[in-house]
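Working notes for the structure below.
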Amino acid sequence: MWKLLKNNLIIERSSKKNIFAFIFVALFIFGLAIYMENWDVGNIPAQKTSEQQNVLSALSLFPDMDASADGDSSDLYKNLNEQQRLIALQRISANLNKPDMFAESAINLAKLREETFQLEGFEEVEEFLPTFNENKLESIFYERLTSLDIPIFTDNLTYYQFLIFLFGILGSIWFIFLAFYTCGIMIEDFNHTSLIKGYPLSFDKYVAAKGISTMSIILIFIVEIFLCSLPLIYFRGLGDPSYPVAVFDGNYEIYSIAKYIGVSVLYMIFIAIFVILLSLILNVLLKNMYLTLFVELFLFVLPSLFPRLVSLLPFNPFNYINFTDLLDGKSLELAYPVGLNSTHGLIYIGISIVILVVIANLFLSTGKLKRA
Amino acid sequence: MKPYFKFELSQFITNKKNIAIYVILLFLACFYALNIAPSYKPIERVDAKEIEARYTSRESFIQNYLNDPNRFQGMASGGLFIFPRWNELDKKRLESLNEGNLKKYASVTSKWYTFSNDLITSTGQYYYSPGYYTHGNLYASDDGNYGYSYSASRYAGYGEGKSKLSINVFEERTALQTLQRLLESYLPMILIICCVFLSVDIVLKDRLYPSLLKGFPISDWKKLLIKGAVALIGSVGIIIPISIGLIMIGIRYGFGDFGLPVAIYTFVGEPTYFKKGEFLNTSMGMYLLQNFIILILLFALIISLVLLASMIIRNEFANLLVGAMFIFNEIFYFKRGIGFFEEVENYPTNYVQVGQIISGYRNYIYNSSALTFDKGVYVLGISTGILILLIFVISKFKRYKLV
């Protein structure tokens, strides 16, 4: 089997498909950096200006009234006016470079917003305000920042800050990329069955070697992601790997950037194994590369087409494939909210991998495939 | 040539992957018609209650301050100057809506939008409909300006035109208007991605049975031409599953007609940094026809790109990547207002968002005046021509034989 593996790797090394996939990954990362630079992603004054407009338009739904503490207006109106004041304060402190003032007003703002969820008439202004989940993440983020004395205004294109942004996007496209990459994993071999039969090895070993060689290429993709971001160290600096990131992993938690990336990479590896097995089995069943791809993509989008499914079947591994949304607590914002736990997600994907291995073993040892 | 065409077409239609694409599109179209279209909430609603609330609070302000001795101090004078005129329009809107006189409602509403937009852009003290200022939208007032001017022009068209009016027409819910809205959002992307998928294996599938295909007494160049034509016909066939979804929407909300006005953002002369263009109406039929022509040209361009890639690189994964790069290239250089400095209209990748090109929205956000239908036909036509010429030249080399 080792000889076969070596043979496979030599074939993979010269495969055009791999070369193009490597070029694609590199282009994607460079493109993303250019995009971030162009769009000014994470520009605090611009964000705060738009936030202020949101609150102003929420306020425009009310008739003008006395918003002082003992005024005759509703609690919600007073609350929104106070929010308005704090956002203005944040804008000023961002422009004047006063991080302490910024963080303090951010924490107060988050507290105020938390109160609004209980106030009467909240539904009417809901769309102008962040969701409960977003607000909670922001509040614990700033609380940690002030307690640790870490600078707030950072360059978003330093190495580690960029990686956070990159991994924030990878969650939604990693599965799609892998589905494209692996959908034809066995198709070439079906065209040369006589060749496969010639190998002095049982078929399941052959498949295992194929899976392992594909997996090793995917690991190289993951390494490539880090390598291609390296030029940013030269242009913008390294950044701070212990910078906090607010996440929801079942509870609201603070991860460091390093830990966040670690969890993401773990997810990416699990998902890669899962996709490879899924592609293997679907290839055998459907005998068509594109049908495999379409079935995989369909399974991927199914939970977002029918959000009810997520709360009905929390053990469905496809709920956890988009690990970025998972860590952002997006499942709490669905029409039927449910708190998905990221550790459970790894376990469910792991169980699915075991089930797929068992299925693959059953299928591949019955000799069905040999006649393909 | 004809037998080969028939052979390719039958292979194309019976291809499992192609059937799957049509089935998926049918599923998506039905899903949209049943699930997404009913929950569409336009920002510019026809809502008597909303108008009434605005009207009464301004009216009470006017009543309170009209005879107040201090009315010339502070902000009150501004309100007293503006509100009576604004309220007169709102009152007319309310009356015509309650009477059911939609024609009158349309023409008054058009005036209301023009008046409000001028007021908001010139004073900076009032705001557009709150719907534009959603959480995280950095360009809300730009969007509001576009939406108000667009609505003003559209409603003026309803008031003057002969189309049958209804609330659904006003809120752009009818089948044809839904198609128009979709063409301005993600439908072109979906169509072009489908086109890439349909044409991705049309050359490379032959490598499986080379001995069979060498028997056709036909040159490589002609084969490629026929393959391209088959892929183009197949891509145009995408219209069938989509029209089924539109029929479902039409039964529920009405079909609309081809005479309905569509407001087009047009720019006469050279853009300057502060000058904005104006909206002119065209008919729905004309709008859809122009969209269709640009889409066909884009299909032809994409197919020739994929054919060229299949000849040179000979790998299906690479074909997909080339297609994807063409489709998503725009994100890498897109920036609001950049059209003023750079000649984005010369890039063929700039025409992927077909509906936004025809409606002028791209011109608006690029701050350009050159992204038009004519320019699109010109650029896409020339690029397709160059690609086909390249295919012709390369097909003459023995090294790039098809099978």
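No lab work stands behind these numbers, since they all come straight from the coordinates. None of these values were measured; they are calculated from a predicted model. Every residue, glycine among them, receives a Cβ derived from its backbone with ideal geometry; neighbour counts consider all protein chains shown.
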So which residues in region B:16-41 are surrounded by 15 or more Cβ atoms within 10 Å (Cβ to Cβ) and touching a residue at least 40 places away in the same chain (Cβ under 8 Å)?
B:K17, B:N18, B:I21, B:Y22, B:L25, B:L26, B:L28, B:A29, B:Y32, B:A33, B:A37
Can you find, within region B:49-82, the residue that is surrounded by the fewest Cβ atoms within 10 Å (Cβ to Cβ) among those that are aliphatic (A, V, I, L, M) and over 16 Å from A:M65 (Cα atoms)?
B:L66
I'd like the full set of residues that are surrounded by 18 or more Cβ atoms within 10 Å (Cβ to Cβ), among the hydrophobic types (A, V, I, L, M, F, W, C) and farther than 15 Å from B:F170 by Cα, limited to region B:228-270.
B:V230, B:A231, B:L232, B:I238, B:I242, B:L246, B:I249, B:I264, B:F267
Can you confirm whether region A:114-128 contains a residue that is outside any helix (DSSP H, G or I) and surrounded by 16 or more Cβ atoms within 10 Å (Cβ to Cβ)?
no
Top-ranked residue in region B:143-169 [being outside any loop (DSSP other than H, G, I, E, B) and surrounded by fewer than 16 Cβ atoms within 10 Å (Cβ to Cβ); ranked as farthest from the other protein chains (Cβ to nearest Cβ)]:
B:E160
Qualifying positions in region B:313-331 - part of a helix (DSSP H, G or I), over 20 Å from the mean Cα position of the chain (by Cα) and within 7 Å of chain A (Cβ to nearest Cβ)
B:F317, B:A318, B:L320, B:L321
Spans of helices (runs of 4 or more DSSP H) in region A:1-87 with at least 2 residues more than 10 Å from chain B (Cβ to nearest Cβ), surrounded by fewer than 18 Cβ atoms within 10 Å (Cβ to Cβ) and of a type in the set (D, E, K, R):
A:2-13
Could you name every one of the helices (runs of 4 or more DSSP H) located completely within region A:215-327 that has at least 1 residues being touching a Leu at 6+ places or on another chain (Cβ under 8 Å) and within 29 Å of B:C195 (Cβ to Cβ)?
A:257-286, A:289-305
Filter result for B:N291 (more than 14 Å from chain A (Cβ to nearest Cβ), farther than 30 Å from B:D220 by Cα, in a helix (DSSP H, G or I) and not hydroxyl-bearing (S, T, Y))
yes
For region B:16-63, give me the residue count where each residue is more than 10 Å from every other protein chain (Cβ to nearest Cβ), of a type in the set (F, W, Y) and either farther than 30 Å from B:V196 by Cβ or in contact with a Ser or Thr (Cβ under 6 Å, 6 or more places away or on another chain) (or both).
1
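Yes or no, residue by residue, for (1) within 30 Å of A:C228 (Cβ to Cβ); (2) touching a Lys or Arg at 6+ places or on another chain (Cβ under 6 Å); (3) in contact (Cβ under 8 Å) with a residue 12 or more places away in the chain:
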position	(1), (2), (3)
A:N38	yes, yes, no
A:V41	yes, no, yes
A:T49	no, no, yes
A:F62	no, no, yes
A:Q83	no, no, yes
A:I92	no, no, no
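Name the one entry in A:F306, A:F298 that is free of Cβ contacts under 8 Å to residues at least 40 places away in the same chain and either under 22 Å from B:N18 (Cα atoms) or of a type in the set (K, R) (or both).
From the options A:F306, A:F298, the qualifying one is A:F298.
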In region B:358-403, residue surrounded by the fewest Cβ atoms within 10 Å (Cβ to Cβ) [restricted to those that are more than 14 Å from B:L301 (Cβ to Cβ) and among the aliphatic types (A, V, I, L, M)]
B:V393
Exactly one condition in (1) away from chain A (no Cβ under 14 Å); (2) closer than 22 Å to A:M289 by Cβ is not met by B:T266; state its number.
(2)
Out of A:T131, A:T158, sole residue that is within 13 Å of another protein chain (Cβ to nearest Cβ) and either touching a residue at least 12 places away in the same chain (Cβ under 8 Å) or of a type in the set (A, V, I, L, M) (or both):
A:T131
